[in-house]
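Have a look at the structure below before the remarks.
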Amino acid sequence: QRLDKYGTVIMPCSEFMDPDSQEQLVAFVRGGAHLILIGSVPKLDLEMEPCEILAKALGFRTSLESAILTVESKHLEFAAQTYGTIRRTPPRAAKLAKSGAKLLAATNRSGKGQVTVTTVSPGSQLHPERLAFFHEILKSGKLTTPVSSSDPHVHVVLHAHQKAGLLMVYDIAETVGLATAPEPSVAREVIIGADLSAAGLTAPKITLTDVLGTDT
């Protein structure tokens, strides 16, 4: 019942789940929430007996297949650990990611809410493409971030307080040393965006501080 106050819930899932929990998740989605299942859709109860309450109600079925695959999603392509494949979806489900002919992520409206199933491991491992993929999953349920960056290697975090906020900018291209990162000596122009009103802030003044003492 504590999930009722949330509009979006991300839940790791395996092939087994007790019947009461499956029924509660069905009611949760049909009540208007966005449920994101990562892993496989349950088909057994805790006694390992057949129990497909969630699968039948939401129209998704998965199969187990642990592998490292090349994930294709819109304009993104990256390698990731996957837990299986989606072998059945509702007729109008939107496909979000695949690997060749294998479907790895899809989303569909159900009742007043929405359910998204993905078999891709959620860890970004500091790769911008993986992080962008999960941003797209959240956006499919109308959950967006008030910050943005024109460079996928530059991460932005906004912490809002009562009368002020802290906007932090991380250039992981230099600190992590990704293979796709530009050379540290190459100057780059990056556009940072922050919707202060969406974060509950109204102050028009912004102070920029280079706390690490590096050239920016």
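Note the listed values (1) 20.1, 71; (2) 20.1, 61; (3) 17.1, 50, then indicate which one is Rg and Dmax of the Cα atoms in Å calculated from this particular structure. The value computed from this structure is option (2). Using the Cβ-Cβ distance between residue 136 and residue 56 with R0 set to 35 Å, the FRET efficiency works out to roughly 0.80. Applying 1/(1 + (r/R0)^6) with r as the Cβ-Cβ distance of residue 20 and residue 195 and R0 = 45 angstrom yields a FRET efficiency of 0.65. Candidate cross-link partners of residue 205 among the lysines, defined by an alpha-carbon separation under 21 Å and a same-chain spacing of 8 or more, comprise 163. Accessible area per residue for the chain is 62 Å², calculated with a 1.4 Å probe on protein heavy atoms, without ligands, DNA or RNA. Rounded to the nearest 10 degrees, the inclination of helix 19-30 to the longest alpha-carbon principal axis of the chain is 60 degrees.
Spacing of the modelled spin labels on residue 65 and residue 44, each 7 Å from Cα toward Cβ, amounts to 2.0 nm. Can you classify region 65-118 as rounded, prolate or oblate using the Cα gyration tensor, where a ≥ b ≥ c are the square roots of its eigenvalues, rounded means a/c under 1.5, and otherwise it's prolate if a/b beats b/c and oblate if not? Since a/c reaches 1.5 and a/b is larger than b/c, the shape of region 65-118 is classed as prolate. The 3J(HN,Hα) values that the Karplus relation (6.51, -1.76, 1.60; θ = phi - 60°) gives for region 142-154 are, in residue order, 6, 10, 10, 9, x, 10, 8, 9, 6, 10, x, 7, 9 Hz. Gly and Pro appear as x.
Between 0 and 90 degrees, the angle of helix 128-140 with respect to the longest Cα principal axis of the chain falls at about 60 degrees.
The values are calculated or read from the model by the stated rules, or taken from the named source; none is laboratory data. All figures in this text were calculated on a predicted structure; none of them were measured in a lab. Every residue, glycine among them, receives a Cβ derived from its backbone with ideal geometry; neighbour counts consider all protein chains shown. Remember, those area values only see protein heavy atoms, side chains included, never the ligands or the DNA or RNA. Shrake-Rupley method; radii C 1.70, N 1.55, O 1.52, S 1.80 Å.
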